[in-house]
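Please read the structure below before turning to the comments.
The values are calculated or read from the model by the stated rules, or taken from the named source; none is laboratory data. Just so you know, these numbers come straight off a predicted model, no measurement behind them. Here the Cβ positions follow ideal geometry from the backbone for every residue, glycine too, while neighbour counts run over all protein chains shown. Side chains included, ligands, DNA and RNA excluded: accessible areas come from the protein's heavy atoms. Shrake-Rupley method; radii C 1.70, N 1.55, O 1.52, S 1.80 Å.
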Amino acid sequence: MEKDEAKMPAGEQADVFENIIDSADAVQDAAAENNADLIEEAEESGAEEAQESTEAENDNGQEVPENDKEAVLPDCDDDVLISITDLHKSFGKNEVLRGVTTQVKKGEKVVIIGPSGSGKSTLLRCLNMMETPTSGTIVFDGAPLDPKHSSINLHRRSMGMVFQHFNLFNNLTVVENIMLAPVKTGIADMKKLRRKAFFLKLRKVFDKNCTEEIPSYPSKAEIRKKALDNAMALLERIGLSDKAAAYPSTLSGGQKQRIAIVRALAMYPRVMLFDEPTSALDPEMVGEVLEVIKELAEGGMTMVIVTHEIGFAREVATRVLFIDEGVIKEDAPPAELFGAPKDARLKEFLSKVL
C-alpha cells in the first residue's frame, strides 16, 4: 500500500491533500456551529465568499500570490492615490457621468459639490465599484479597478465608505457592527495561511530540500480579540464606548453616523469616501459628525467627500470639485473656487447656497 501511494502522481496527491484539508475545515466549522453567534455566521459566509473569489481568479488563469492585498495594491512611489480618466456612467439612456477626469493625491481632502442629480454620488460609488462604470478607467494606488480581472473586495478593504443613511445592521450591537468586517476578512486570511501551512508541511515530507518557512497564523479567538480591542478604542475616540452593547435602533442619528464612520475606520482604509454624511441628520446633530470628519482630516486621512455643507467644505477641503450635468466644471482650492468662481453655472449655484 505504501509503495502504491509513493507512486501516486503529484497531481493526484495534491487532490487528495486538498480533500483532506477541505474535510478538516468542514469538521471545524461544524464543531463551532453549535456555539456560533451572529458574527460567527457572518464570518463563515465571508470566508466562503473569499474562497470562491480566489477560485474564480484561478479559473481565469491568474496566479493567486501569497499576499493578495500586496499584489493587487502594489506600493506606488507617486503621490497619486486615485486616478480617474474619461469616466462615463449611464443608466439606460440616462448618461449620469459624461467624461470625468481627475486625480486624488495621498493626504488630499477632495470635496465634491453640485446640484442634486449632477452625478456626485454616482462618481463616489464608481470609485469602489458599487456602480460599474460604462467606460473609462479608475486606477487605485497604481492598480486598475476592473471587476472582470481583479478582486474588487480586496480594493474595498482599503476604501472606507460612509453612506447617507448609516446602513448599520440593526440585529447586531454597536461593537458587533464595528467588528464584523475585520473579523470576516481576518478569518478568511487566516484560512488561506492555514491552508498554505498545511501544504508546506506536506511538501517538506516529500522534499527534504525545502527550506521555505512555514507561516504562522492567528486563531479565531485572537482575531476576534484584536477586532474587539480596536472597536472599543474607536468607540472611545468618538465618546461612545458606553454604547458598545447597545443596538442601532436605540441611538440618535448623529450617534449612528459616527459609528458608521468608525466602522469604516476599523478596516484601516487608505482613503475614506463620504456620501453626503450629514444629509439625513437633524441640524443639531450635524456638528458632532462633522467634528469626527475634521479630526480625520487633521490626522492626514485621504478623503473624498460629497456634501452640501459649503462652510465645512471651505474649512476642510484642499480641493473642491464642482460637478454639473455629469462633468467637472471647476476644480480649484476652496479659497479660489468660492472666492472667485470662473464657471457661470458655479456662480449661479453658489448664489443660491451661500
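Reachable lysines from Lys109, Cα under 25 Å, same-chain residues fewer than 8 places away excluded?
Straight-distance partners of Lys109: Lys69, Lys89, Lys120, Lys256, Lys294, Lys329, Lys342, Lys347, Lys352.
Which whole number in µm²/s is D for segment 72-147 by Stokes-Einstein, with the Kirkwood Rh taken over Cα pairs at 10 °C and 1.306 mPa s?
My calculation gives 122 µm²/s for D.
Once phi is turned into θ = phi - 60°, what whole-Hz ³J(HN,Hα) does the Karplus curve with 6.51, -1.76 and 1.60 give for every residue of segment 152-162, x standing for Gly and Pro?
5, 4, 5, 5, 5, 4, 9, 10, x, 10, 10
Along its principal axes, what span do the Cα atoms of segment 163-260 show, with the longest given first and each in whole Å?
In descending order, the Cα extents are 62, 22, 19 Å.
Given a 1.4 Å probe, how much area per residue of segment 244-354 is accessible, in Å²?
41 Å²
Cβ neighbours within 10 Å, averaged per peptide: list 250-256, 109-115 in order, most packed at the top.
Listed from highest to lowest mean packing, they are 109-115, 250-256.
Under the Karplus relation 6.51 cos²θ - 1.76 cosθ + 1.60, θ = phi - 60°, what is the ordered set of whole-Hz ³J(HN,Hα) values for segment 90-105, x standing for Gly and Pro?
10, 10, x, 8, 8, 8, 7, 10, 10, x, 7, 9, 6, 9, 10, 8
So what is Rg over Rh here for segment 125-197, counting just Cα atoms and using Kirkwood for Rh?
Here the Rg-to-Rh quotient is 1.04.
No solvent, one uniform scatterer per C-alpha: report log10 I(q)/I(0) for segment 212-323 via the Debye equation at q = 0.12 1/Å, two decimals.
Treating every Cα as an identical point scatterer, log10 I(q)/I(0) equals -0.51.
Using 10 Å bins from zero, what percent of all Cα-Cα pairs in segment 283-323 falls into each bin?
All Cα pairs considered, the percentages come to 25, 61, 14.
Could you give the semi-axes, largest first, of the ellipsoid that matches segment 116-157, computed as the square roots of 5 times the alpha carbon gyration tensor eigenvalues and rounded to whole Å?
For segment 116-157, the semi-axes come out at 19, 11, 9 Å.
How large is log10 of I(q)/I(0) for segment 314-354 at q = 0.15, 0.16, 0.25 Å⁻¹ when the intensity is taken from the Debye formula with one equal scatterer per alpha-carbon?
Those come out to -0.31, -0.35, -0.86, one per q.
Along each of the three principal axes of the Cα atoms of segment 185-238, give the extent in whole Å, ordering the values from largest to smallest.
Here the spans come out as 54, 16, 14 Å, largest first.
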